[in-house]
Amino acid sequence: MPGERIRFAAVGCGRVFERYHLPCADERDAMHLVGVVDTDVERARELTADRPGVWTGTRVDRLIEETRPDLISVCTPNDAHAAPVLAALDAGIAVLCEKPLAATVADARRIAAHPAAEELLGVNMPFRFHPLLEPFAEAARPGARRVAFSFATPGNRVWRARTPWYGDARRAGGGALLDLGPHALDLLTTVFGPAEVERCEVDAPDVEERVRLDLSFRGLPATLDIDRAARRLETSVTVTTPGGDHVLDLRRGELRRADGTVDKGGERPELAAVSAYFDRMTGAAGGPHAKVGAQDALALQLLVESAYEHARRPRPRKRATSAQ
């Protein structure tokens, strides 16, 4: 709460919490870690060994009862988002949840329907908070003719999740599209408005690593290419206009304009949403718009589900032509 020291807790002690949420909290004197929960309690104890007084355990209800947190980060595998998020909202506790909102649309709808969700819930989709996004939008929207988003990462070979849930369709809810797609789609819809799915192709039926998604933004054609098994890192959006291409390169922190000028700046993009939400909670900056809310996150998940439905549709067979 603004002006007060925030009692911070977490559910899930994996890589996301270690690399993003906890460091961002530690950077803020107004936040104090009071408890963590993990299915592996020894992992929780190991992570907090140098933090005397931090409560550790395996149950979210006990975490809430014992530590009385003001804010909870939910950093569990996708299928374990709904229960702790709903428990926090039931208790009137602010909660920052990793994307996607849930592993299934049904659970995402349950979360978004909670009466406290719009006020208390934020979802970690960071690209809309990047400081180069606004100048990119101002440069790219006028005269935009085509949009191309390229998202490539070595995925779990670099990430090395502590538990092997990324390849489990039940736990993950999907593959690269549900994992990385919300990041890209949130950026695109923030800049260009509502999207419609035109076509989607995936390289596997349950847990895909590569995706090609064709979209339309009020008639503006766009493509999203995701490769979670790449040997390179790329996160860039190219907008073609009559005057040339504007490129937002999030990996390098650059906006390369069609006239040849280059803007630089911004923290690591993956930290932007966590920082914005924590600043909102501590009163350092922001306000009601310093978060991706439940309805926005649900809309993105429904867009992803629409893409999966397109991918599942049988492709029309090409008609054979007789030799002349």
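Read-outs throughout are calculated quantities, based only on the coordinates presented, and are distinct from any laboratory measurement. Not measured: the values here are computed from a predicted model. Cβ: placed from backbone, ideal geometry, glycine included. Neighbour counts: every protein chain shown.
For the chain, what does the helix formula give at 222 nm: sum of -39500 (n - 2.57) over DSSP H segments with n ≥ 4, over the residue count, nearest 500 deg cm²/dmol? Let's see the in-between values first.
Values: 12 runs with 104 residues, N = 324.
Helices in the chain give a 222 nm mean residue ellipticity of -9000 deg cm²/dmol.
May I ask you to compute the full-extension gain from D90 to V41, defined as 0.36 nm times their residue separation minus their alpha-carbon distance, rounded to one decimal in nm?
Values: separation 49, 0.36 × 49 = 17.64 nm, distance 2.43 nm.
Roughly 15.2 nm would be gained on extension.
For the pair E138 and R251, what calculated FRET efficiency results from E = 1/(1 + (r/R0)^6), where r is the Cβ-Cβ distance and R0 = 22 Å, to the nearest 0.05?
Numbers: r = 21 Å, r/R0 = 0.97.
With a Förster radius of 22 Å, E is 0.55.
Determine, for each peptide in 92-98, 130-136, 198-204, the mean count of other beta carbons within 10 angstrom over its residues, then list the peptides with the highest first. Please list the in-between numbers first.
Numbers: 92-98: 22.4, 130-136: 18.4, 198-204: 16.4.
Ranked by mean Cβ neighbours within 10 Å, highest first: 92-98, 130-136, 198-204.
Once the Cβ-Cβ distance between R218 and T261 is put in as r, and R0 is 30 Å, what FRET efficiency do you end up with, to the nearest 0.05? Walk me through the numbers before you get to the answer.
Numbers: r = 28 Å, r/R0 = 0.94.
With R0 = 30 Å, the Cβ-Cβ based efficiency is 0.60.
Beta carbons within 10 angstrom, averaged per residue: use that to sort the peptides 54-62, 219-227, highest first. Display every interim value, and only then the final one.
Working: 54-62: 16.3, 219-227: 17.9.
Top to bottom by mean Cβ count within 10 Å: 219-227, 54-62.
Length gain on complete extension for the stretch E66 to R51, per 0.36 nm per residue less the alpha carbon to alpha carbon distance?
On the way: separation 15, 0.36 × 15 = 5.40 nm, distance 1.65 nm.
Between E66 and R51, full extension yields 3.8 nm more.
Is the C-alpha gyration tensor of segment 102-217 telling us rounded, prolate or oblate? Criteria: a/c under 1.5 is rounded; beyond that, a/b larger than b/c is prolate, otherwise oblate. Before the final figure, lay out each step's value.
On the way: a/c = 1.68, a/b = 1.25, b/c = 1.34.
Oblate, since a/c reaches 1.5 and b/c is not below a/b.
If you line up the long axis of helix 294-312 against the longest principal axis of the chain, both from Cα atoms, how many degrees apart are they, to the nearest 10?
Rounded to the nearest ten degrees, it is 40.
What's the extension gain from T58 to R315 if we count 0.36 nm per residue and subtract their Cα-Cα distance?
On the way: separation 257, 0.36 × 257 = 92.52 nm, distance 4.64 nm.
Going from the current span to full extension adds 87.9 nm.
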